[in-house]
Amino acid sequence: MGNIAENEGGPAASELAKLCRRRERELRSVNGELAREIVERRKVEKKLEQVVEELEATLNAIPELVAIVDKESRIVKANRAFAGFAGLDPAELYGRVCCSILHGGKRPRPNCSHRKTLATKRTVTDEVNSSREGVYFELLTSPVFDGKGGVLASVHVARDVTARKKMDEQLVITDRLASVGELASGIAHELNNPLTSVIGFSQLLLDKDIPDDIKGDVMIISSEAQRAARVIKNLLTFARKHAPVKQPVNINEVIEKVLELRAYEHRVNNIRVETRLAPDLLNVMADYFQLQQVFLNIVLNAEHFMTECRTSAIMGHK
């Protein structure tokens, strides 16, 4: 009976053993494939991490302010320059409204570059007066598209153009000053002719035998006309264009000429000027007219702050 049971169970056990071995081989094959997939996935993940780090490093290497802003005008990503301008860590910028960082507003401006980019799907360039006083940015916003051609977000690149803007403003002022100089030169020439006549005729009257009281008046006329002629001469000298030439220059003389030009403004603004110039000062090699411009700017600045702040100013010279 035992042999019969063994014979009956023998083939079944053999088939079961074969099935187990086959399943075991299949499982080992599947496990091998899974292990290879895991290895490959780890390699891909590592590569992705490396790419992200490289992109992060590239973004942070850009000196301009760079940020990615979503449809709700909230910052998704920003580089160190952007975070540095905001005084925050890059991670702290996430979710903040971009306009609150760039120009200090709680809401987007009516002509917001970001909104224009979302609407037109095009790059927009604009100039922004930042949240810091006197700092200007050239803001460029470019669209980020999804797979269907819709705009997901925009990339903001803000470049500090404060120095350029100040230079442009200075060029405008320089052009205006050049125009004023030409106008002043023309007026001075027109005034110079009648003044020459006044001085000449007053001298003729002084040479004649006239009453003393009238003679005193004529002397005043002659003196004031000569003073006006000196002012006009200084004005013409200042307004005329000159090629830069280095030559021995007496700085005291330059300062005195500048003060003569501004004497009228000092009188009407109740500004008293005290000069303490070194009498034994040696001449310096310089361009006379450039030095004149330098000292005129110093005097003009002093006048401005004295009249605006109602205070006194001292210009030292050694």
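Every residue, every condition in (1) surrounded by 10 or more Cβ atoms within 10 Å (Cβ to Cβ); (2) in contact (Cβ under 8 Å) with a residue 40 or more places away in the chain, yes or no:
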position	(1), (2)
Pro11	no, no
Leu19	yes, no
Glu26	yes, no
Val30	yes, no
Lys46	yes, no
Thr58	yes, no
Ala67	yes, yes
Lys71	yes, yes
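For Tyr264, the criteria (1) of a type in the set (Phe, Trp, Tyr); (2) farther than 30 Å from Gly200 by Cα; (3) without any contact (Cβ under 8 Å) to a residue 40 or more places away in the chain hold in every case but one, which is (2). Based on this model, can you work out whether Ile75 counts as surrounded by 13 or more Cβ atoms within 10 Å (Cβ to Cβ) and either hydroxyl-bearing (Ser, Thr, Tyr) or more than 16 Å from the chain's Cα centre (by Cα) (or both)? It is true that Ile75 is surrounded by 13 or more Cβ atoms within 10 Å (Cβ to Cβ) and either hydroxyl-bearing (Ser, Thr, Tyr) or more than 16 Å from the chain's Cα centre (by Cα) (or both).
Considering (1) among the charged types (D, E, K, R); (2) surrounded by 14 or more Cβ atoms within 10 Å (Cβ to Cβ); (3) not in a helix (DSSP H, G or I), the lone condition that Arg107 does not fulfil carries the number (2).
Restricted to the stretch 1-103, the set of helices (runs of 4 or more DSSP H) holding at least 3 residues that are of a type outside the set (A, V, I, L, M, F, W, C) and at pLDDT below 85 comprises 2-61.
Okay, residues lined up against (1) part of a helix (DSSP H, G or I); (2) surrounded by 17 or more Cβ atoms within 10 Å (Cβ to Cβ); (3) free of Cβ contacts under 8 Å to residues at least 24 places away in the same chain:
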| site | (1), (2), (3) |
| --- | --- |
| Pro244 | no, no, no |
| Val258 | yes, yes, no |
| Arg272 | no, no, yes |
| Asp280 | no, no, yes |
| His304 | yes, no, yes |
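Within the stretch 176-183, can one find any residue that is within 53 Å of the chain's Cα centre (by Cα), loosely packed, with under 11 Cβ neighbours inside 10 Å and part of a helix (DSSP H, G or I)? The answer is yes; a qualifying residue exists.
In the set (1) under 22 Å from Lys165 (Cβ atoms); (2) of a type in the set (Val, Ile, Thr); (3) modelled with pLDDT of 85 or more, the condition left unmet by Val135 is number (3).
Going residue by residue through the stretch 143-154, is there one that turns out to be small (Gly, Ala, Ser) and within 23 Å of the chain's Cα centre (by Cα)? No, that holds for no residue. Every listed requirement among (1) modelled with pLDDT under 85; (2) under 23 Å from Leu300 (Cβ atoms); (3) touching a helix residue (DSSP H, G or I) at 6+ places or on another chain (Cβ under 7 Å) is met by Ile255 save one, (1). For the stretch 210-220, taking the residues that are over 25 Å from Glu256 (Cβ atoms) and not basic (Lys, Arg), the one that is surrounded by the most Cβ atoms within 10 Å (Cβ to Cβ) is identified as Val218. Within the stretch 185-209, the set of residues being more than 58 Å from the chain's Cα centre (by Cα) and surrounded by fewer than 13 Cβ atoms within 10 Å (Cβ to Cβ) comprises Leu204, Asp207, Lys208, Asp209.
The values are calculated or read from the model by the stated rules, or taken from the named source; none is laboratory data. Being a predicted model, the structure only gives us computed values, none of them experimental. Cβ coordinates were reconstructed from backbone atoms using ideal geometry, including for glycine residues, and neighbour counts include every protein chain displayed.
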